[in-house]
Amino acid sequence: MIPVLVLFFQLAAQTDDINFAACLKGLPSCDLSALQPQQLTQVSEAMKARNFEKCQTGSPNCDPTLLSSDQAAQVRQLRERANLDRCLEGGANCDPTRLSTSQVKLVNTRRLERNRELCLQGSARCNPLLLTADEQRQVEMVFKRRNADACRDGLATCDPLLLTTAELESVQNANRRRNLDSCLNGMASCDPHLLTAKEAESVRDTIRRRNLDKCKAGASTCDPLLLTAPESAAVSAAYRQRQQSQQRKR
């Protein structure tokens, strides 16, 4: 049997090891009073390493007083770089007072580029006062082209007063094509007054063919007044055929 004293020392050693591991990890269960001097040194070094990592990641739990001069320099460099990135992105938490002269120039250049992109996109955040004369002309061209596209697509944002003669003609043609499609498809947005004589005839033919198909199928939306004599005969024949088919199924 293992002597009781040996078991006691083994358990004590295991307890010390568990406590030492907890102290290295900075756990609340750590009992610093139970550590040896060498262990205290290792625990202190581990704590400072964890603090350095927190400072590098910008954690609010960072204690800058525990950093060495080299670590403090690295953390300061990281924070300056992070602040520069925020300023370059136009972030609200940018601190311009921490920028160097060259960084201020870089941030201003990026701000002007970002504003130019916003203006080209037609964003409400565009500041036209920051544009150069060439950029203003470019933005105006893009805006007019976007307006012409909106007019051709029949969008509410269209401003017809900005269209050139050629663009106005193109928009009118697009409107006529769109209106013809609406009329051919029997949509409520159809304006028959915009149809040419040839288009109106085509629409009437389409409506008659669509009505004939409905009547042959026995649809409730069939309008018998639109049927010609031969069409009425074809509808009657289709009706008799349906009746015969139903009788055969019975």
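The values are calculated or read from the model by the stated rules, or taken from the named source; none is laboratory data. For clarity, every value in this text was computed on a predicted model and none was experimentally measured. Cβ atoms come from the backbone with ideal geometry, glycine included; neighbour counts cover every protein chain shown.
If the Cβ limit is 8 Å and pairs must be 6+ apart or interchain, which residue in segment 229-244 that is loosely packed, with under 12 Cβ neighbours inside 10 Å pairs with which residue that is polar (S, T, N, Q) and not in a helix (DSSP H, G or I)?
Matching pairs, first to second residue: none at all.
Would you check if ARG146 is under 30 Å from ARG76 (Cα atoms), touching a residue at least 24 places away in the same chain (Cβ under 8 Å), of a type outside the set (A, V, I, L, M) and surrounded by 11 or more Cβ atoms within 10 Å (Cβ to Cβ)?
Answer is no for this residue.
Might you let me know whether segment 114-121 holds any residue that is part of a loop (DSSP other than H, G, I, E, B), out of contact with any Asp or Glu (no Cβ under 9 Å at 6 or more places or on another chain), modelled with pLDDT under 95 and not hydroxyl-bearing (Ser, Thr, Tyr)? First the steps, then the outcome.
Initial filter on segment 114-121 (part of a loop (DSSP other than H, G, I, E, B)): 121.
So of that shortlist, the ones also out of contact with any Asp or Glu (no Cβ under 9 Å at 6 or more places or on another chain) come out as 121.
In the following step, the residues that additionally are modelled with pLDDT under 95 were identified as 121.
Next, from what is left, pick out any that are not hydroxyl-bearing (Ser, Thr, Tyr): 121.
Scanning segment 114-121, I find at least one residue that is part of a loop (DSSP other than H, G, I, E, B), out of contact with any Asp or Glu (no Cβ under 9 Å at 6 or more places or on another chain), modelled with pLDDT under 95 and not hydroxyl-bearing (Ser, Thr, Tyr), so the answer is yes.
Results for (1) closer than 18 Å to GLN74 by Cα; (2) touching a strand residue (DSSP E or B) at 6+ places or on another chain (Cβ under 9 Å); (3) modelled with pLDDT of 85 or more; (4) not in a helix (DSSP H, G or I), shown as yes or no for each residue.
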| position | (1), (2), (3), (4) |
| --- | --- |
| MET1 | no, no, no, yes |
| LEU5 | no, no, no, no |
| GLN10 | no, no, no, no |
| ALA13 | no, no, no, no |
| SER59 | yes, no, yes, yes |
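If you take the residues of segment 48-86 that are among the basic types (Lys, Arg) and within 30 Å of ARG110 (Cα to Cα), which of them is surrounded by the fewest Cβ atoms within 10 Å (Cβ to Cβ)? Outline the logic, then answer.
Quick first cut of segment 48-86, residues among the basic types (Lys, Arg) only: 48, 50, 54, 76, 79, 81, 86.
Adding the requirement that they be within 30 Å of ARG110 (Cα to Cα) leaves 76, 79, 81, 86.
Working: ARG76: 14, ARG79: 15, ARG81: 11, ARG86: 15.
Top of the filtered list is ARG81.
Find the residue count for segment 183-239, including only residues that are modelled with pLDDT of 85 or more, hydroxyl-bearing (Ser, Thr, Tyr) and not in a loop (DSSP other than H, G, I, E, B).
Residues flagged as modelled with pLDDT of 85 or more, hydroxyl-bearing (Ser, Thr, Tyr) and not in a loop (DSSP other than H, G, I, E, B) within segment 183-239 amount to 4.
Any chance you could count how many residues in segment 132-170 are assigned to a helix (DSSP H, G or I) and within 27 Å of the chain's Cα centre (by Cα)?
Pass one, segment 132-170, residues assigned to a helix (DSSP H, G or I): 133-152, 160-162, 165-170.
Subsequent filtering for residues that are within 27 Å of the chain's Cα centre (by Cα) retains 135, 138-152.
Of the residues in segment 132-170, 16 are assigned to a helix (DSSP H, G or I) and within 27 Å of the chain's Cα centre (by Cα).
Kindly list the number of the only condition in (1) outside any loop (DSSP other than H, G, I, E, B); (2) within 36 Å of the chain's Cα centre (by Cα); (3) surrounded by fewer than 12 Cβ atoms within 10 Å (Cβ to Cβ) that fails for GLN38.
(2)
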